[in-house]
Amino acid sequence: MESIIETENLSVSFGGHIAVNGVTVEIVKNQFTSIIGPNGAGKTTFFNLLSGQLSPTEGKVLYKGKDITRKSTIERSRMGIGRSFQITNVFPNITVLENVRLAIQSRENVRFQMFRHFTHYKAFKEEAINILDTVLLKDRMDSLAVNLSHGEKRKLEIAMLLALNTELLLLDEPTAGMSLEEVPAILDVIQNIKEDENRTVVLIEHKMEMVLDLSDEIIVLYNGELLAQGNPQEIMENETVQTAYIGGSQNGEHTSEVGTN
């Protein structure tokens with residue numbers, strides 16, 4: 001199977017603390033991979049290394065076989081890597097549709113013309129509506145983003161990533177801060193994205209049931225190091241994972257939540 005992104009001996013330290021230590025992994029193209037681990041495992045730091053928010057102390061990041069270790073976040077975005085955050089990041093005072101349309105316009109490198117109404121960009125608008133349909137926000141396209149619920153803002157953020165033709169989506173706890181009522185809708189959105197054969201999703205999530213249901217592959221980090229990698233069944237049956245992380249669950253049961261950092 002073809003990998004889309006991989007790391008070689010990837011490490012980063014802050015002062016005397018090693019947050020990620022010698023992690024070597026391959027993430028397969030067009031699969032759904034989740035990264036789990038207890039608090040302080042280095043999950044978000046590892047995401048920051050993949051997306052370019054951080055530069056490693058040692059090691060490499062390869063995207064489609066090309067060394068991108070020193071590429072900026074913007075450069076990686078243009079190459080097809082998009083990352084969501086635990087805190088939503090949308091333009092609050094414009095409509096949902098305009099948020100997505102602007103992302104498409106940015107992708108196409110079309111400069112804003114002050115005296116040209118956005119309806120002139122018909123193709124952009126049509127694409128934006130299709131994307132909003134994918135993330136279940138089409139009925140809210142004329143609403144100001146500031147008026148969306150937290151869960152709807154998360155869906156809009158994902159829509160903006162899709163609008164950039166993101167081939168590799170790095171989703172950092174997309175259900176963080178959501179009410180129980182909002183979670184099923186975001187799961188439907190993620191499922192829709194998973195079914196797109198042209199996209200690869202890497203997820204950090206603390207809801208273990210969600211991870212097991214969605215994932216083709218699971219990466220387990222522990223104290224900044226790679227503890228295990230495999231399909232959900234292999235991970236749940238891995239004694240090292242059970243001892244160090246899941247806690248040796250009994251009677252075939254598993255914990256419903258995992259660490260978030």
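The values are calculated or read from the model by the stated rules, or taken from the named source; none is laboratory data. The model shown is predicted, which means the values in this text are computed figures rather than measured ones. Counting neighbours? That spans all protein chains shown, and the Cβs are built from the backbone with ideal geometry, glycine included.
Mind listing just one residue for me: the one in segment 170-189 that is of a type outside the set (Asp, Glu) and in contact with a strand residue (DSSP E or B) (Cβ under 7 Å, 6 or more places away or on another chain) and, of those, nearest to Ser149 (Cα to Cα)? If you could, list the steps in order and put the result at the bottom.
Of segment 170-189, the ones of a type outside the set (Asp, Glu) are 170-171, 174-180, 183-187, 189.
This time we only want the ones that are in contact with a strand residue (DSSP E or B) (Cβ under 7 Å, 6 or more places away or on another chain), so: 170-171, 175.
Numbers: Leu170: 22, Leu171: 19, Thr175: 13 Å.
Looking at the filtered set, the residue picked out is Thr175.
What do you reckon, is Thr57 more than 30 Å from Lys138 (Cα to Cα), free of Cβ contacts under 8 Å to residues at least 40 places away in the same chain and either in contact with a Ser or Thr (Cβ under 6 Å, 6 or more places away or on another chain) or of a type in the set (Val, Ile, Thr) (or both)? Criteria not met by Thr57.
Yes or no, residue by residue, for (1) closer than 27 Å to Thr175 by Cβ; (2) of a type outside the set (A, V, I, L, M); (3) at pLDDT 95 or above:
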{"site": "Asn30", "(1), (2), (3)": "yes, yes, no"}
{"site": "Ile36", "(1), (2), (3)": "yes, no, no"}
{"site": "Phe46", "(1), (2), (3)": "yes, yes, yes"}
{"site": "Lys64", "(1), (2), (3)": "no, yes, yes"}
{"site": "Ile68", "(1), (2), (3)": "no, no, yes"}
{"site": "Gly82", "(1), (2), (3)": "yes, yes, no"}
{"site": "Gln86", "(1), (2), (3)": "yes, yes, no"}
{"site": "Phe91", "(1), (2), (3)": "yes, yes, no"}
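Pairs are defined by a Cβ separation below 6 Å, a sequence spacing of at least 6 or placement on different chains, a first member in segment 128-140 that is touching a residue at least 12 places away in the same chain (Cβ under 8 Å), and a second member that is of a type in the set (D, E, K, R); the pairs so defined are Ala128/Arg101; Leu132/Lys138; Val135/Lys155; Leu137/Lys155.
Pairs linking a residue in segment 3-14 that is farther than 20 Å from Asn223 by Cβ to a residue that is assigned to a strand (DSSP E or B) and of a type in the set (D, E, K, R), with Cβ atoms under 6 Å and 6 or more positions apart or on different chains, are Ser3/Glu26; Glu6/Glu26. Beta carbons closer than 6 Å, at least 6 apart along the sequence or on distinct chains, pair a first residue in segment 238-250 that is part of a helix (DSSP H, G or I) with a second that is β-branched (Val, Ile, Thr) and at pLDDT below 55 for Ile246/Thr255. Give segment 86-108 a look and list any residue that's surrounded by 18 or more Cβ atoms within 10 Å (Cβ to Cβ) and assigned to a loop (DSSP other than H, G, I, E, B), or say none. Selection gives Thr88, Val90. All told, Lys60 falls short of being farther than 24 Å from Tyr222 by Cα and not in a helix (DSSP H, G or I). Screening Asn147, Asn165, Asn231 for residues that are within 19 Å of the chain's Cα centre (by Cα), at pLDDT 95 or above and not acidic (Asp, Glu) leaves exactly one candidate, Asn231. Within segment 130-158, the only residue that satisfies the criterion of being more than 20 Å from Leu187 (Cα to Cα) and β-branched (Val, Ile, Thr) is Val146. Cβ separations smaller than 9 Å between residues 6+ apart or across chains give the following pairs from segment 63-80 residues that are on the phi > 0 side of the Ramachandran plot to residues that are assigned to a helix (DSSP H, G or I): Lys64/Met79.
Working carefully through the options Ile27, Ile74, Ile35, Ile68, find the one that is in contact with a Ser or Thr (Cβ under 7 Å, 6 or more places away or on another chain) and either farther than 20 Å from Gly230 by Cα or of a type outside the set (Gly, Ala, Ser) (or both).
Step by step, each of Ile27, Ile74, Ile35, Ile68 is checked, and only Ile27 is in contact with a Ser or Thr (Cβ under 7 Å, 6 or more places away or on another chain) and either farther than 20 Å from Gly230 by Cα or of a type outside the set (Gly, Ala, Ser) (or both).
Somewhere in segment 76-83, is a residue touching a helix residue (DSSP H, G or I) at 6+ places or on another chain (Cβ under 6 Å), within 30 Å of Ile129 (Cβ to Cβ) and among the polar types (S, T, N, Q)? Looking through segment 76-83, none of the residues is touching a helix residue (DSSP H, G or I) at 6+ places or on another chain (Cβ under 6 Å), within 30 Å of Ile129 (Cβ to Cβ) and among the polar types (S, T, N, Q).
Pro174 fulfils the conditions (1) in contact (Cβ under 8 Å) with a residue 40 or more places away in the chain; (2) part of a helix (DSSP H, G or I); (3) within 24 Å of Glu26 (Cβ to Cβ); (4) of a type outside the set (Asp, Glu) except for a single criterion, (2). Restricting segment 1-52 to residues that are assigned to a loop (DSSP other than H, G, I, E, B) and in contact with a Phe, Trp or Tyr (Cβ under 8 Å, 6 or more places away or on another chain) leaves a set whose member that is surrounded by the most Cβ atoms within 10 Å (Cβ to Cβ) is Gly37.
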